[in-house]
Amino acid sequence: MNVSPKIAVVIPCYKVYSHIFDVIDRIGPEVSRIYVIDDCCPDRSGDLVEQSCMEERVIILRHTENRGVGGAVMTGYQAAIDDGGVCQQ
């Protein structure tokens, strides 16, 4: 049995208000999930995406304190693994 791999994209968000939708719009159909990590953004990027994005693949996660890009990426990776092994080999 040949199973197609699931592909996820993790987008750390901190002060990306002006271009987050351009990034999301450029992600192709081969991607199963898009994790938007609001890293305690003062612009509330997560709220913007939640209110305005109609893309069904998008999952928004929020940090209550800024963890930096590495922390945001790790949060997204863990969520992808927890969601059924996306990103696992």
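Rule-based calculations on the coordinates, nothing more; no lab input. The model shown is predicted, which means the values in this text are computed figures rather than measured ones. Neighbour counts are summed over all protein chains in view; Cβ atoms, including those assigned to glycine, are modelled from backbone coordinates with ideal geometry.
Listed values, structure above:
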read-out: Residue-averaged [θ]222 nm for the chain, counting only DSSP H segments that reach four residues, each worth -39500 (n - 2.57); value: -9500 deg cm²/dmol
read-out: Percent RCO, i.e. relative contact order, over the chain, from Cα pairs under 8 Å lying at least 6 residues apart; value: 34
read-out: Dipole of the chain, positive direction: furthest Cα of G84, C53, Y35, with charges on the beta-carbon; value: G84
read-out: Calculated log₁₀ intensity ratio I(q)/I(0) where the Debye formula runs over C-alpha points of segment 8-82, q = 0.12, 0.25 Å⁻¹; value: -0.27, -1.21
read-out: Ranking of K6, K15 by count of other Cβ atoms within 10 Å, fewest first; value: K15, K6
read-out: Segment 8-82, dipole about Cα centre (Lys/Arg Cβ +1, Asp/Glu Cβ -1), debye to the nearest 20; value: 160
read-out: Antiparallel DSSP beta bridges within the chain, as percent of all bridges there, nearest 5; value: 0
read-out: Within a Gaussian network of the chain (alpha carbon springs, distance under 10 Å), most fluctuating of S45, S18, S32; value: S18
